[in-house]
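Engineer: I'd like to ask you about the structure that follows.
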Amino acid sequence: MVRLVLVLGDQLSDDLSALRKTDKTSDIVVMAEVMDEATYVSHHPKKIAFIFAAMRKFANRLRDDGWTVCYTKLDDPDTTGSITGELIRRASEHDATGVVYTEPGEWRLISALADLPLKTHSLPDDRFIASHRDFETWADGRKQLRMEYFYRDMRRKTGLLMNGDDPEGGKWNYDHENRKAAPDSIDFNGPMHFQPDEIVEDVLTLVADRFGENFGDLHPFWFATDQGQARRHLTHWIKNGLPQFGDFQDAMVTDQRFMYHAIVGLYINAGLLNPLEVCQAVEEAYKKGGAPLNAVEGFIRQIIGWREYVRGIYFLEGPDYTARNILNHDRDLPAMYWGADTKMKCMSQAIDQTKEEAYAHHIQRLMITGNFALLAGIEPQQVHEWYLAVYADAFEWVEAPNTIGMSQFADGGIIASKPYVSSGNYIAKMSDYCKSCAYKVKDKTGKDACPLNLLYWHFLDRHKDHFSNNPRMGQMYATWNRMDQDKRDVIIAEADAWLGRLDAGDKV
Ligand code: FAD
Ligand code: DLZ
């Protein structure tokens, strides 16, 4: 009685539930590089290469461990081109009785697997700390699903940074110590780079050939592609980046793509690093005096707080979540998101590095590209597809709540209690971008005015019915309402004119 064991490109973990619950002496692992997965959005070539290379190495690791692995390469002449097609083909080849799999992180695949004409057995993805049931129980009966309270439960559940029932240092959250402005210099040289080996080189050739036209630079390719490399990368960051991570978590500096960030999202999400083990290693550094509490708490909060929380929201809200558009935004995603020239320094910094590295850090995603999209009224589904395509760590369960919910407020405030919008002021405070921008951040109107200054008021004005009664936005509306009507008219007219030039494809 042979069963097939499906391992997806973001399930590359030794302790995957599907591998734990099956038998390497009789069952067969199925892994497949397929066009359906490689094209459901136009993924960045570095992301595709990372996933294919890590899949090939994980398949070898399983074989070394005694598993039989049926692996489909993208250019296999017999491929059916889809995960479900490959399962049907392998089931017939091996006369398999059914398929065991760990639940995928996307509704699209969950429903495709449930519809298979084979006997299927779906197991929970217990690489996460909170199960679906845990999250539903936590959410049940709450008026507002605020991350902070969920996070505290996760601290209690994991015991991370806890002294008995109390949080380490006496406070749960050191966020207000994590907002220092851009430093003059960065004394961390960024993520560890790995020289491509033969397996990676083969994948790079394939990806260049098949996806070379996608947005994004394939070379230089430096990502870790197996567990060992990912762990070395993590150790390097804990020693050299973590100590300053907290202070400068929200800061942005020209041409400093990584600041003190960990660049571990892609490795955790693909399964090469286990989130709990990552947090334990970080806590260990704190206990040994290698990093301050604001850095360690800030980092652990991102993983057991935000990461678990957004996954909970994705599964709680259901498959229609990605279609939400409560603000009725309908502008097309401007060409600058795909690399067209822009005079906005903040946008060109975030997008250029996205093109080169398949990476931008959180504040660039939220307060630069996300803020601009929200202020300009871009259709959230186009914004969602962009984020899902361009980042190496992007999988729908984590990307969609961050984009649709946190960044674009398209879910009506399930994740964010107010929209994350800012004028140029915030960017000037947290970065040095504005110093060398063609626009003037201090100008509120006029030909050189920072577009974010115009669009900020345009957003508040056009959505006043929606937000003016939000207690967290009262001050913003009070400022707007205090302005002379003439001044307000000028701002709205200039914002409309600027958006007109954006829509016309001018370099703005
Ligand atoms: P660090 O800043 O070093 O943080 C450490 C880790 O904490 C991250 O690796 C990640 O695992 C976790 N984390 C931090 N913030 C979040 C968050 N808001 N949600 C979930 N996990 C978090 N993260 C993804 O993993 N995949 C995505 O597709 C993704 N899309 C995003 C889209 C938008 C619009 C926004 C605003 C945020 C998005 N994030 C996403 C969250 C966050 O920006 C990235 O996790 C982070 O930038 C990854 O870089 P890093 O590994 O250097 O993280
Ligand atoms: C993202 C991705 C890509 C580009 N290619 C593959 C693939 O060829 N085979 C595969 O098993 N997985 C791939 N993935 C990851 C899946 O899209 C991912 O498992 C789902 O989106 C669920 O998170």
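Engineer: Mind checking the per residue accessible area of the stretch 365-423 for me, 1.4 Å probe, whole number of Å²? Write down the numbers at each step before the final one.
Structural biologist: On the way: 930 Å² over 59 residues.
Dividing the accessible area of the stretch 365-423 by its residue count gives 16 Å².
Engineer: Ok, one more. Lys and Arg at +1, Asp and Glu at -1: add these up for the other residues within a Cβ distance under 15 Å of Asn294 and post the number.
Structural biologist: Values: positive: Lys171, Arg179, Lys180, Arg301; negative: Glu168, Asp175, Glu177, Asp247, Asp250, Glu283, Glu297.
Its environment carries a net charge of -3.
Engineer: I'd like to know which of Thr254, Leu316, Gln244 lies farthest towards the positive end of the charge dipole of the stretch 242-321, counting +1 on Cβ of Lys and Arg and -1 on Cβ of Asp and Glu.
Structural biologist: Toward the positive end, the furthest listed residue is Gln244.
Engineer: Take the cross-link list Lys157/Lys287; Lys355/Lys444; Lys487/Lys507 and give me the ones stretching past 24 Å between alpha-carbons.
Structural biologist: Details: Lys157/Lys287 19 Å; Lys355/Lys444 31 Å; Lys487/Lys507 26 Å.
Lys355/Lys444; Lys487/Lys507, as the Cα separations exceed 24 Å there.
Engineer: Here's another thing I want to ask about it. Where the only charges are on Cβ atoms (+1 Lys, Arg; -1 Asp, Glu), what is the dipole of the stretch 103-240 about its Cα centre, to the nearest 20 debye?
Structural biologist: On the way: 18 positive and 25 negative charges, 146 e Å.
Using only the charged Cβ atoms, the result is roughly 700 debye.
Engineer: Using the Cα centre of the stretch 302-431 as the reference point, and only Cβ charges (+1 on K/R, -1 on D/E), how large is the resulting charge dipole? Debye, rounded to the nearest 20. Don't skip to the answer; put the middle values down first.
Structural biologist: Details: 10 positive and 15 negative charges, 109 e Å.
With Lys and Arg at +1 and Asp and Glu at -1, about 520 debye.
Engineer: Roughly how many percent of the accessible protein surface of the stretch 1-144 is carbon and sulfur, given a 1.4 Å probe and a whole-percent answer? Working shown, then result.
Structural biologist: Values: 3000 of 6240 Å².
Summing carbon and sulfur atoms, their accessible area is 48 percent of the total for the stretch 1-144.
Engineer: In a shell of Cβ-Cβ distance under 9 Å around Met162, excluding Met162 itself, what net charge do Lys and Arg (+1) and Asp and Glu (-1) give?
Structural biologist: On the way: positive: Arg155, Arg156; negative: Asp165, Asp166, Glu168.
Local net charge: -1.
Engineer: Let me know the shape class of the stretch 416-480, please: from the alpha-carbon gyration tensor, a ≥ b ≥ c as square roots of the eigenvalues, rounded when a/c is under 1.5, otherwise prolate if a/b is greater than b/c, or oblate. Working shown, then result.
Structural biologist: Numbers: a/c = 2.86, a/b = 1.81, b/c = 1.58.
Prolate.
Engineer: Show the residues, 5+ positions off or on another chain, whose built amide H is closer than 5 Å to the amide H of Gly98.
Structural biologist: Leu4
Engineer: Let me ask another. List the aspartates and glutamates whose alpha-carbon lies under 18 Å from that of Lys447, not counting same-chain residues fewer than 8 positions away?
Structural biologist: Within the straight-line cut-off, Lys447 pairs with Asp486, Asp489, Glu494, Asp496, Asp503, Asp506.
Engineer: Give me the distance between the Cα centres of the stretch 300-317 and the stretch 407-444, rounded to whole Å.
Structural biologist: 24 Å
Engineer: A follow-up question, please. Report, ordered by chain and residue number, the aspartates and glutamates lying within cross-link reach of Lys180, taken as a straight Cα distance under 15 Å and ignoring same-chain residues fewer than 8 apart.
Structural biologist: Answer for Lys180, where 15 Å is the Cα cut-off: Asp247, Asp250, Asp432, listed by chain and number.
Engineer: Next question. Measure out, as a whole number of angstrom, how far apart the alpha-carbon centroids of the stretch 1-59 and the stretch 249-283 sit.
Structural biologist: So the two Cα centres are separated by 23 Å.
Engineer: Follow-up. Going by alpha carbons, how many degrees (0 to 90, nearest 10) lie between the helix axis of 308-317 and the longest principal axis of the chain?
Structural biologist: Orientation of helix 308-317: about 90 degrees from the principal axis.
Engineer: Taking the Cα centre of the chain as origin, sum charge times position over the Cβ atoms of Lys and Arg (+1) and Asp and Glu (-1), and report the length of that vector in debye to the nearest 20. Don't jump to the answer; show the numbers that get you there.
Structural biologist: Values: 58 positive and 75 negative charges, 317 e Å.
For the chain, the charge dipole is close to 1520 debye.
Engineer: Here is a follow-up. Hey, if you drop one equal point scatterer on each alpha-carbon of the chain and run the Debye formula without solvent, what base-10 log of I(q)/I(0) do you get at q = 0.07, 0.12, 0.13 Å⁻¹?
Structural biologist: -0.40, -1.18, -1.37
Engineer: Turning to a different aspect of this structure: Per residue, how much accessible surface does the stretch 292-340 expose to a 1.4 Å probe? Answer in Å², no decimals. Can you show the working numbers first?
Structural biologist: Working: 1630 Å² over 49 residues.
Solvent-accessible surface per residue comes out at 33 Å².
Engineer: What shape does the stretch 253-346 take by its C-alpha gyration tensor, where a ≥ b ≥ c are the square roots of the eigenvalues and a/c under 1.5 counts as rounded, a/b above b/c as prolate, and the rest as oblate? Write down the numbers at each step before the final one.
Structural biologist: Details: a/c = 2.65, a/b = 1.42, b/c = 1.87.
Verdict is oblate for the stretch 253-346.
Engineer: Follow-up question, since we're still on this one. Hey, any idea what % of the stretch 275-431's accessible area is carbon plus sulfur with a 1.4 Å probe?
Structural biologist: Values: 2130 of 4500 Å².
The C+S portion of the solvent-accessible surface of the stretch 275-431 is 47 percent.
Engineer: Among Ser122, Ser348, Ser17, Ser92, what's the order by accessible area (1.4 angstrom probe), most exposed first?
Structural biologist: Details: Ser122 55, Ser348 30, Ser17 5, Ser92 95 Å².
The most accessible residue leads, giving Ser92, Ser122, Ser348, Ser17.
Engineer: I've got another one for you. Helix-only estimate, please: 222 nm mean residue ellipticity of the chain, summing -39500 (n - 2.57) across DSSP H runs of length 4 or more and dividing by its residues, to the nearest 500.
Structural biologist: Working: 23 runs with 224 residues, N = 508.
Value at 222 nm, helices only: -13000 deg cm²/dmol.
Engineer: Would you kindly derive the ³J(HN,Hα) couplings of the stretch 435-443 from the backbone phi angles with the Karplus curve 6.51 cos²θ - 1.76 cosθ + 1.60 (θ = phi - 60°), listing them in order in whole Hz, with x for Gly and Pro?
Structural biologist: With coefficients 6.51, -1.76 and 1.60, one gets 4, 10, 8, 5, 8, 10, 5, 6, 7 Hz.
Engineer: Quick one: Karplus J couplings for the stretch 21-29, per residue in order, coefficients 6.51, -1.76, 1.60, θ = phi - 60°, nearest Hz, x for Gly and Pro?
Structural biologist: These are the phi-based 3J(HN,Hα) values: 9, 10, 10, 5, 7, 10, 9, 10, 7 Hz.
Engineer: Among bridges DSSP assigns within the chain, what percent are antiparallel (round to 5)? Can you show the working numbers first?
Structural biologist: Working: 3 of 23 bridges.
Looking only at bridges with both residues in the chain, the antiparallel portion is about 15 percent.
Engineer: Averaged per residue, what accessible surface does the stretch 201-281 expose to a 1.4 Å probe, in Å²? Don't jump to the answer; show the numbers that get you there.
Structural biologist: Values: 2920 Å² over 81 residues.
Solvent-accessible surface per residue comes out at 36 Å².
Engineer: Any idea which of Leu19, Gly81, Ser111 is furthest toward the positive side of the dipole for the stretch 12-117, if Lys and Arg beta-carbons carry +1 and Asp and Glu beta-carbons -1?
Structural biologist: It is Leu19.
Engineer: For the stretch 360-467, rounded, prolate or oblate, judged on the Cα gyration tensor with a ≥ b ≥ c (square roots of eigenvalues), a/c < 1.5 rounded, else prolate if a/b > b/c? It would help to have the intermediate numbers written out before the result.
Structural biologist: Working: a/c = 2.23, a/b = 1.39, b/c = 1.61.
Oblate.
Engineer: Can you return the lysines within cross-link range of Lys24? Criterion is Cα-Cα under 28 Å, with same-chain partners fewer than 8 residues away left out.
Structural biologist: Filter leaves Lys57, Lys73, Lys119.
Engineer: Helix 227-240 against the longest principal axis of the chain: what's the angle in degrees, Cα atoms only, rounded to the nearest 10?
Structural biologist: Compared with the principal axis, the helix lies near 40 degrees.
Engineer: Same structure, new question: What is the projected area of the convex hull of the Cα atoms of the stretch 135-237, averaged over all directions, in nm²? Don't jump to the answer; show the numbers that get you there.
Structural biologist: On the way: hull surface 49.2 nm².
For the Cα atoms of the stretch 135-237, the hull's average projected area reads 12.3 nm².
Engineer: All other residues with a Cβ under 14 Å from the Cβ of Ile88 taken together, and with Lys, Arg as +1 and Asp, Glu as -1, what is their net charge?
Structural biologist: Here the charged neighbours net out to -3.
The values are calculated or read from the model by the stated rules, or taken from the named source; none is laboratory data. Keep in mind the model is a prediction, meaning the values are calculated, not measured. Every residue, glycine among them, receives a Cβ derived from its backbone with ideal geometry; neighbour counts consider all protein chains shown. Ligands, DNA and RNA are excluded from the accessible area calculation, which covers all protein heavy atoms including side chains. Shrake-Rupley method; radii C 1.70, N 1.55, O 1.52, S 1.80 Å.
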